[in-house]
Amino acid sequence: MTCPPMASEVPPEISDWFGARGWRIRKHQHDMLEASEAGRHALLVADTGAGKTLAGFLPTLADFAPSRLGGSEPRDGLHTLYVSPLKALAHDVQRNLLTPVEEIGLPIRIETRSGDTPSDRKKRQRSKPPHVLLTTPESLSLLLSYPESFALFRGLKRVVIDEVHAFATGKRGDLLALALSRLQAIAPDMQRAALSATVADPEGFREWLAPWGDIDAVELVQGEEGAEPQVEILLPEEERVPWGGHAGRWAIPQLYEEIRKNQTTLVFTNTRFLAEFIFQLLWDINEDNLPIGIHHGSLAKEARRKVEGAMARGELRALVCTASLDLGVDWGDIDCVVQMGAPKGSSRLLQRVGRANHRLDQPSRAILVPGNRFEFLEATAAKDAVDEGQRDGEDFRPGGLDVLAQHVMACACAAPFDEAALLKEVRSSLSYAWVDEETWQRVLGFVENGGYALKAYDKFKRIVRDKSGVWRLTHPEHAARHRMNAGIIVDSEMLAVRFRNGRNLGKVEERFAASLSPGDTFFFAGMSLEVEKLQDMDVVVRAAKKSATIPSYGGQRLPITAHLAERVRNMLVDRAGWARFPDDVREWLEVQDWRSQMPGPGSLLVENFPHARMHYSVYYTFEGWNANQSLGMLIMRRMEDRGLMPAGFVANDYSLAVWGLRKVEDPAPLLSPDILAHEFVDWVQESHLLRRAFREVAVISGLVERQHPGKRKSGKQVTFSTDLIYDVLRKYEPDHVLLEAAWADARARLTDVGRLADLLERSAEQLVHVQLDRVSPLAVPIMTMIGREAMPQGAVDEELLLEAETLAGEAMRIDPEPEAD
C-alpha cells in the first residue's frame, strides 16, 4: 500500500514498516509527530483501535530511526517516559512496542517499572535507565524522591500519558500533575502528550496537561472516526425484565450461549464480588468445559499475568473481569464485550465496548445485561449516548492537600529545597494553581512536625528549615520510610490468601477474613476454598468442593453520571418513545403514568404511601447512590427532630425510600437547602464518614505509616492510630490541614455533596408531591432492596423483607388517578 504524501516526513524505515503491514500512517499519528517537531505539547482524542499508543510514541521512534541518527549511536539515558493508570497496561504496551522496535531495528531499550518490578532492577534503572520507561503515577513519584532523579530526568524529552481520562480528575491525577511540574523544572524542554478515547471535555484536559494551565501550548489532535460500535441490550427470552437486583443472574444461560458462539468474550462487571459471582454461575453450567477465566485487582500478580498471557495467546473463550481490564489492553480477537449490570456512564461503556476487536475499521460489538427495570432504562440511555457519540466524565476539582504534602516530602527526600522555588513549581500545575502563601505554609508546617497539636512528638518531625531558609530531612531514615509508604490508592487492609505450600492466590479484605473460622468455605480466584487457619496476615486455605460464600469488598460505588441520569429522566416523559421498550417495561411506565406522575427533567417527584403498617416516602432524585445515601441520612435526622419517628431508608442511583411510623404530610421542610449547613455538618462529624476520609488522607500524607522495615501494620492498627490522632486534632486543632483535606474528600467523594446541593437548591421550585394509597410501579425496584441493604443503625424488621412479585401485583393494579398537591 502506498503511503500518502504527508507520511514523507516520517523516517522512511518507519513508513516502510507501516507499508509492509498493509497499513497507512493515519492523519492523527502524523499530527502528533508534527506537534512534537514544532515543540508543542499535545492531547490526542481518538477512538479505540486508532493506533493511539503508536501515535504517542511515533516522535520517540522517529528520534531513534537510523536515518535520523546518521550512523551515530543514540544518546544513553532516559528519552521517553510513559505513564499509565494500570500496571497491566504498561506490560501490554511494552509487548506491542517491541514489535515495531525489533522489526524496524531501532536501537531502543524499553523497560517497565511498577510495584511488581524486582528491587535490583529498580536500583539499576536509576543509575542506568532504559531509553523508554513505562510506569505508573505512584512509581514515578517514588523515582522523583531519589537524589539521582535530577541526573536521571535531566535529558528527558517526552512524557506520554495514556488513558488520561481515567485518573486526571482524581488524586492520582493530582500526584501526576505535581510530578509533571517537577519533571518540567528538571527538564525545561520536555514535551507532554496525553492520549484518550473517551475525553468529554478536551479543553479541560488541555488546561490540566499544560504547564501553568496555558491551553494554547497544547495542540488538540482529533483522531479519525472509526466504525460505529454495535451495542445491543439483552432481554429475557421467556421471563420479564426483573423488578429488582443488580447481578443479571437471569441472563446466565443466554450469556453462556453467547460465549459458545464467539471465539472470545470479555464479560465486564462493576465489582470484584460480582466478577466472582458471575464466574461461579457460568462455571456451574459450563457443560462444554470451555476455558473461562477471571481477572480482578485482588488476585495475585501471578494469577493476573497468567490470565493476561492466556488471553493474548487466544486460549480463553471468555474472561470475567472488572475495571482492572477497562483500559487499553490490546486483544484484537475479542468478538464481543458483555456489560453485566448498568454501565453508569457513556464514556465508561465506550471504553469497555472498545475492548472488542480493538480495530478502527471494524465495529466493536457489545451486549448490555440490565439487572432490573431502571437498569434497562439506563442501559438504553447509555446505548443511545454511544450511538450519538456523546461522552461524559468527572469534573476537575482543586488538588488535594494530602497529595501535596506527600509530594513535598518526596522532594525533601530527593534534595534540600527552597520553599519559594518549590511553591512556584507546584503552582505551575493547574491542579494546585489555587495554593496561596497561607495554605503553603500550613502544608509545610504539617510536613515539618505534624502541625501545632502534634509537634511535641518526635515521630512527626520529618523536615527542618535551616538558617538560609532551605528545608531538609531531619534524618535520612525518613526517606526510606517515605518510599515504603508513599502512594495514593488506600484500599481496605488486605490479607493474603494462600495454599499451605505457599502459592499465593490474591487478597481479601481484613473485615471479611475476620469473619472466617477454620472449616469455613469461600469462593475466590474461581475456586471453592476451605479455611485451614488464619496466620499473621495470611488466610491459609485448601481446595474444597462444598458450596461457598463470596468475599465482598468495600470499594467505592460508581454513581450514575449526571449526563446519563438526565437521559433517563427524558426517557421517562417521552411517552412516544416507550413504544420501543419491551411490553412489560412499557406497561410498567404506563401504569405509573396513570396512577402517579413521571419524574422528568425539571421536577423532583416525591411519593407517599402506606405499606406494612409503615408510612413510606420515595424521592426520585436520579443523583446517584452517594448523594441519595447522604440525603437519606439527613432526612432521617430531620424526621427524628420533627417527631416523625423514622425507621429506616434505602437508596440506589435513581431514588431514595424512607419509612417511619408517622406520615410525612409535606416533604418540602425536609428538603430545605439549610440542611447542608446544619444537619449535614453534624452528621458527617458524628458519622464514620469523616473518620474514614481522615484515615485515607493521614496515610496519603505520610502522617500514619502502614509499613515499617520488616513489618506491616494491620488495618485495625492503622484505624486505631488515625482515630486517636483524629480525636486529638478535632479537639485541639480543628483547622488542621488534614481535617480540611478530609472534609474535602467527605464532601466530594463520599457524600457527593455537589449533586446533593444542586438537588436541594432546585427542590423548592421543582417539588411534585403525590399522595398514594399504596406502592407505585416506579417504587417497586427500590422497595425490593429493603432488607438487602440495611440501615447502619440496626437490622430491618422481618415484615419489611418484601417480595418483589407481591409488591408488583399491588403496584400494577389500576385504580382511579390520585390528586396531586
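The values are calculated or read from the model by the stated rules, or taken from the named source; none is laboratory data. Bear in mind that the values here come from a model prediction, so they are computed numbers and not experimental data. For neighbour counting, all protein chains shown are included, and Cβ atoms are generated from backbone atoms with ideal geometry for every residue, glycine included. Note: accessible area is taken over every heavy atom of the protein model, side chains too, but ligands, DNA and RNA are not part of it. Shrake-Rupley method; radii C 1.70, N 1.55, O 1.52, S 1.80 Å.
All of G389, G399, G445, G450 fail the test of being more than 22 Å from F622 (Cα to Cα), at pLDDT 90 or above and within 26 Å of the chain's Cα centre (by Cα), apart from G399.
Exactly one residue among E102, E203, E148 is of a type in the set (D, E), more than 30 Å from the chain's Cα centre (by Cα) and more than 29 Å from S15 (Cβ to Cβ), and that residue is E148. Does T53 count as without any contact (Cβ under 8 Å) to a residue 12 or more places away in the chain, farther than 28 Å from H482 by Cβ and among the β-branched types (V, I, T)? For T53, the condition - without any contact (Cβ under 8 Å) to a residue 12 or more places away in the chain, farther than 28 Å from H482 by Cβ and among the β-branched types (V, I, T) - is not met. Just checking, does the stretch 106-121 include any residue being touching a residue at least 40 places away in the same chain (Cβ under 8 Å), within 25 Å of F18 (Cα to Cα) and hydrophobic (A, V, I, L, M, F, W, C)? Taking every residue of the stretch 106-121 in turn, at least one turns out to be touching a residue at least 40 places away in the same chain (Cβ under 8 Å), within 25 Å of F18 (Cα to Cα) and hydrophobic (A, V, I, L, M, F, W, C). Within the stretch 484-524, being under 23 Å from C321 (Cβ atoms), modelled with pLDDT under 75 and surrounded by 18 or more Cβ atoms within 10 Å (Cβ to Cβ) holds for E509, F512, F523. Would you pick out the residues in the stretch 428-465 that are among the charged types (D, E, K, R) and free of Cβ contacts under 8 Å to residues at least 24 places away in the same chain? Listed by number, the residues that qualify are D436, E437, E438, E448, K455, D458, K459, K461. Say whether the condition of being surrounded by 14 or more Cβ atoms within 10 Å (Cβ to Cβ), modelled with pLDDT under 90 and basic (K, R) is met by at least one residue in the stretch 528-536. Within the stretch 528-536, not a single residue is surrounded by 14 or more Cβ atoms within 10 Å (Cβ to Cβ), modelled with pLDDT under 90 and basic (K, R).
Every test in (1) open to solvent by 60 Å² or more (accessible area, probe 1.4 Å); (2) assigned to a loop (DSSP other than H, G, I, E, B); (3) not small (G, A, S) is passed by L106 save one, and that test is (1). For V728, the conditions (1) of a type outside the set (K, R); (2) open to solvent by 20 Å² or more (accessible area, probe 1.4 Å); (3) modelled with pLDDT under 85 all hold with the exception of (3).
Scanning the stretch 545-578 for residues that are open to solvent by less than 20 Å² (accessible area, probe 1.4 Å) and at pLDDT below 80 returns a single hit, P551.
Give me the residue from the stretch 36-53 that is touching a Leu at 6+ places or on another chain (Cβ under 9 Å) and at pLDDT 90 or above and, out of that set, farthest from S347 (Cα to Cα). For the stretch 36-53, the residue satisfying everything is S36.
Across the stretch 114-130, the number of residues qualifying as open to solvent by 10 Å² or more (accessible area, probe 1.4 Å) and within 13 Å of T80 (Cα to Cα) comes to 1. Scanning the stretch 647-689 for residues that are of a type in the set (G, A, S) and either buried (at least 21 other Cβ atoms within 10 Å of the Cβ) or assigned to a strand (DSSP E or B) (or both) yields a count of 6.
Each residue in the stretch 583-635 was checked for being in a strand (DSSP E or B), more than 15 Å from A808 (Cβ to Cβ) and open to solvent by 10 Å² or more (accessible area, probe 1.4 Å), and 3 of them qualify.
One residue alone among K52, K27 is open to solvent by 10 Å² or more (accessible area, probe 1.4 Å), closer than 21 Å to A200 by Cβ and not hydroxyl-bearing (S, T, Y), and that residue is K52.
Considering the stretch 389-484, the qualifying helices (runs of 4 or more DSSP H), each wholly inside and each with 2 or more residues that are of a type in the set (D, E, K, R), run over 419-427, 437-449. Screening the stretch 753-770 for residues that are among the β-branched types (V, I, T) and open to solvent by 10 Å² or more (accessible area, probe 1.4 Å) and picking the one that is modelled with the highest pLDDT gives V768.
Considering the stretch 731-752, and only residues there that are of a type in the set (D, E) and open to solvent by less than 50 Å² (accessible area, probe 1.4 Å), the residue that is nearest to E679 (Cα to Cα) turns out to be D752.
Here is a yes/no grid of residues against (1) modelled with pLDDT under 85; (2) under 16 Å from L589 (Cα atoms); (3) surrounded by 14 or more Cβ atoms within 10 Å (Cβ to Cβ):
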site	(1), (2), (3)
L772	no, no, yes
A779	no, yes, yes
M791	yes, no, yes
D797	yes, no, yes
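Checking E477 against (1) open to solvent by 10 Å² or more (accessible area, probe 1.4 Å); (2) under 18 Å from E740 (Cβ atoms), which single condition isn't satisfied? The single condition E477 does not satisfy is (2). Contact map, the stretch 521-540: residues that are under 19 Å from T271 (Cβ atoms) paired with residues that are aromatic (F, W, Y), Cβ distance under 6 Å, separation 6+ or inter-chain. Pairs shown: G526/F279. Could you go through the stretch 408-416 and let me know if any residue there is surrounded by fewer than 23 Cβ atoms within 10 Å (Cβ to Cβ) and either among the basic types (K, R) or without any contact (Cβ under 8 Å) to a residue 12 or more places away in the chain (or both). No, there is no match, as no residue in the stretch 408-416 is surrounded by fewer than 23 Cβ atoms within 10 Å (Cβ to Cβ) and either among the basic types (K, R) or without any contact (Cβ under 8 Å) to a residue 12 or more places away in the chain (or both).
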